[in-house]
Amino acid sequence: MDRTWEEAGWEQLAPGVARRRLPGWDATAGLVQGTSGVLMVDAGATLREGAELRRQAQDLTGRGVTHLALTHPHFDHVLGAPSFAGVEVYGAVGMDRMLGGPRRRAALREDAVRHGVDPDAASEAAEQLVPPDHLVSGDMVVGLGGGREAVLVNVGPGHSGHDLVVLVPGHDGGPSVVFCGDLVEESGEPQAGPDAVPGQWPAALDRLVALGGEDALYVPGHGAVVDARFVRAQREELAARFASG
């Protein structure tokens, strides 16, 4: 691992691909670097956290973030998004409704405060949220230059009604990497809140594994990087857990 990435708190997964486990809720932020563009996956829980991620991306890659993919509309993944002004933002179809209306933004703010975010910081971030520029209904390829691509895929619903994953195909001899959002969690049992769609979650994980394949690295929304076998096992656990639902 490159010492510069390590010192900044990032785990390098493949050439030009890294993730950071953010403090507080152990949420993942991902980074994918090409020769002409940089994609950030998720934005943290506050404007301050989002701004720090953006600064680190600039420092580590030598260029600014050009694209931001939001994996699902929960506070610990989206409230930092306003710190990425001027960046092309992507989300699953329906994310525009989840982030664009005052009632939805107020609900995000309340959830953040309930989980320990400073009320003023939560209010400031929620008030500045805007809908994504690009809504993904199937899949969308984002070219980052030098042959590097990121494939944004709407595999949900499952953990939420609007789950987006990011496949980074293997490049320069490195493995494929899949940023899973909270469809997969390693550091605890997957959380099913009021917007979860439990009956469709196992099928979303089937699509996830079909997308990445057996040899990919799967990056959960919370926790350590896992393999396809872990994802399949979690799929079976979820199917059993919600079988009577």
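Between Arg48 and Val93, take the C-beta separation as r, use R0 = 35 Å, and let me know the FRET efficiency to the nearest 0.05.
Values: r = 30 Å, r/R0 = 0.85.
Calculated transfer efficiency: 0.75.
For the chain, place one equal point scatterer on every Cα, skip the solvent, and apply the Debye formula. What is log10 of I(q)/I(0) at q = 0.16 Å⁻¹?
Normalising to I(0) and taking log10 leaves -1.13.
So, in Å, what gap is there between the alpha-carbon centers of segment 1-48 and segment 198-245?
22
Stretched out fully, how many nm does the piece from Gln128 to Asp227 gain, at 0.36 nm a residue minus the Cα gap?
Using 0.36 nm per residue and subtracting the Cα-Cα distance, I get 32.0 nm.
Only bridges with both residues in segment 87-245 count here: give the DSSP antiparallel percent, nearest 5. Don't skip to the answer; put the middle values down first.
Details: 14 of 21 bridges.
Bridges in segment 87-245 are about 65 percent antiparallel.
Sorted by accessible area with a 1.4 angstrom probe, largest first, how do Thr4, Thr66 fall?
Heavy-atom accessible area, descending, gives Thr4, Thr66.
Tell me, what ³J(HN,Hα) does each residue in segment 121-133 have, in order and in whole Hz, if you take phi through Karplus 6.51 cos²θ - 1.76 cosθ + 1.60 with θ = phi - 60° and put x for Gly and Pro?
Values, residue by residue: 5, 5, 5, 4, 5, 4, 5, 9, 4, 10, x, x, 6 Hz.
Suppose all protein chains stay in the model; what accessible area per residue would a 1.4 Å probe give for segment 94-207, in Å²? Can you show the working numbers first?
Values: 5060 Å² over 114 residues.
The answer is 44 Å² per residue.
How large is the charge dipole for segment 100-245, taken about the Cα centre, if only the Cβ atoms of Lys, Arg (+1) and Asp, Glu (-1) carry charge, to the nearest 20 debye?
Magnitude of the dipole: close to 320 debye.
The values are calculated or read from the model by the stated rules, or taken from the named source; none is laboratory data. Bear in mind that the values here come from a model prediction, so they are computed numbers and not experimental data. Counting neighbours? That spans all protein chains shown, and the Cβs are built from the backbone with ideal geometry, glycine included. Quick note on the areas: whole protein, heavy atoms, side chains included, nothing else; ligands and nucleic acids left out. Shrake-Rupley method; radii C 1.70, N 1.55, O 1.52, S 1.80 Å.
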